[in-house]
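Please read the structure below before turning to the comments.
Coordinate-derived values only; no laboratory data. Bear in mind the structure is a predicted one, so any value in this text is a computation, not a measurement. Cβ coordinates were reconstructed from backbone atoms using ideal geometry, including for glycine residues, and neighbour counts include every protein chain displayed.
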Amino acid sequence: MAPVNSLEGASRVIPAGADEVYCGVALPTKYRSFILYRGPGKSSAQLPSYSELEKIVKYAHDEGVKVIVVVNEPFMSDKLEKEMKNHVASIVEKEVDGLIIGDIGVLSIVKEMDVDVQLIASTYFVSMNSETVEFLRSLGFSRVVLERHLTLDEISEIVKNSKVDIEVFCYYGGCSNINGNCYLYHFGTTKFWKASSELKTGSPGGRVRPALTPCRFLYDIYDVNTKSYLGRWPIMDAFTICSLCHLPALIRTGVAGLKIVGRFLDVLKQETATRVIRTLVDKIWSEGGRLKRKSFHKLLSELKRDLNYAFGPLSLIRQEASKERRRIQLETSRLKNLHRFYQDTFCKPQRCFFAPLLNAPYRYEPSIVKSRVRS
C-alpha cells in the first residue's frame, strides 16, 4: 500500500508496483482548517478535492489497483457529525475500495450509513496484541494496521491468532511513543514554536529542517555523573526508521500487507520507496522464501542508492538543478558518498523499524560522536 497526495503521485507509484494506494481528502467546509493530529484539514498530506479523488480512483481501477481513503479524525462530536457524514458519503460515491478509520465515533457514523466498502482499523487504535485485533474484528473491521512498536516475533504471534488481515508499516515515518495517544503535534502549529528560530531538528546524519514537534528537537545531552557533554541529539525521536533489511523475516510472519508511510512526501519519494519495496518483495517471492542473505543485501545495497537520491541531501540538488547538471552531480559524487546519508541516518544508529517499545536507541561509535560534537 503506497501513499499518494495527488493524481501525479498515483500515476507514479502505481507503475512503480503499488497494489493499493491510500490518501486523505480535505474537508471542503469551514473545517478545512481543522488540522489536529489526524484531522481532515488542508495540508500536503490531503487531496485538495473529491474530484481529484475521483480521477485517482478511475486511473487506479483501470490499472487494477485499489484506492483506500483515510478518515482518521481523532474524535467525533455533535458539531462534526453532519460534516463527517457528508464527507464519508462524498468519498464513497467515488467508488473507493476501503476506509481507514481511527476512532470509534467515526466508525459508528460509518456503520450507521451502511456503506459497502472495506473497513480498515488504523494504527491509531494502537493494536499490539491479538485481543485488540479480535475486538476490532467484532466491531466490523476486516483488516487491522498494527502499532509500529512490535517485534517480528510479536507480529508473527498476532498474525497466527487473528481472523482478519494484518497489515504493518514497512518504511519511513514513525513515532517514539504510542502514536495514537500523542498530541505533542499540536504544539508544532503554534506561534510559540514557529517564532523559535533556533529550534531546529534533524538526523545525526546532518539533515536539518525546521522543528515541528518537541519530540523532534535536538537536545544537549550530558552524563548525569560526570557532567561531560555527550552530544546534541533528537533523543525523543524515532521519526526516520527503516525495515528493509528485515523484509524477508517480515514476509515470513504472514502479514497480508505492507504499508509505506508518507502522504506528505513529494512524488519522487513516494515513487522511489514503492519501487524499492516492490523490487525487494518480488525478489523474495521469486526465491520461494529461500533468498540467500548475500544476494538479498547486494540488491538492497544497490536500491539504497536510489533511496539516497530521493530522500537524502542530493534531493535538494535534484529539485534545483537542470537535468544535465543533475547528471554531472550524480556521476561525480554518487560512488563517493551516496550511501553516507542512508548509512548515517538508518544503519549506524540501528534505527530499524522492529525494535522494542518505545524507540530504537541511537548507537554511534565514539569517533563519530566526537566529530559531530566538534562540528
Legend entry - FRET efficiency, Trp285 to Phe135 (Cβ-Cβ, R0 41 Å, nearest 0.05): 0.80
Inset, instruction - Using the structure shown, select from Lys111/Lys160; Lys58/Lys79; Lys85/Lys111 the pairs with a Cα to Cα distance greater than 22 angstrom. - result: Lys111/Lys160; Lys58/Lys79
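Could you list Ile221, Ile120, Ile155 so that the one with the fewest beta carbons within 10 Å of its beta carbon is first and the one with the most is last? Mind showing how you got there, number by number?
Values: Ile221 16, Ile120 27, Ile155 20.
Listed from fewest to most nearby Cβ atoms, that is Ile221, Ile155, Ile120.
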Inset, instruction - Check cross-link reach from Lys227 to the aspartates and glutamates: straight Cα distance under 16 Å, and skip same-chain residues fewer than eight apart. - result: none
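For the ranges 243-254, 162-173, what's the packing order if you count other beta-carbon atoms within 10 Å of each residue, average per peptide, and put the highest first? Write down the numbers at each step before the final one.
Details: 243-254: 17.8, 162-173: 19.7.
The peptides rank, most packed first, as 162-173, 243-254.
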Inset, instruction - Would you mind ranking Phe135, Phe296, Phe141 by Cβ crowding within 10 Å, fewest neighbours first? - result: Phe135, Phe296, Phe141
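Step through the table entries Lys269/Lys292; Lys283/Lys304; Lys269/Lys294, compare each Cα-Cα distance with 18 Å, and write down the pairs that go over it. The partial results should precede the final answer.
Details: Lys269/Lys292 28 Å; Lys283/Lys304 15 Å; Lys269/Lys294 27 Å.
Lys269/Lys292; Lys269/Lys294, as the Cα separations exceed 18 Å there.
Which value, in debye to the nearest 20, gives the size of the charge dipole of the stretch 94-142 about its Cα centre, when Lys and Arg are +1 and Asp and Glu are -1 at the Cβ?
On the way: 3 positive and 8 negative charges, 20 e Å.
Taking the Cα centre of the stretch 94-142 as origin, the dipole is about 100 debye.
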Legend entry - Largest-first ellipsoid semi-axes for the stretch 85-137, taking √(5λ) over the Cα gyration tensor eigenvalues, angstrom: 22, 11, 9
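Would you mind ranking Ser301, Ser122 by Cβ crowding within 10 Å, fewest neighbours first?
Working: Ser301 11, Ser122 23.
Ordered from fewest to most neighbouring Cβ atoms within 10 Å, Ser301, Ser122 come out as Ser301, Ser122.
Calculate, in whole percent, how much of the Cα-Cα pair population of the stretch 42-164 lies beyond 22 Å.
Summing the P(r) of the stretch 42-164 above 22 Å gives 41 percent of all pairs.
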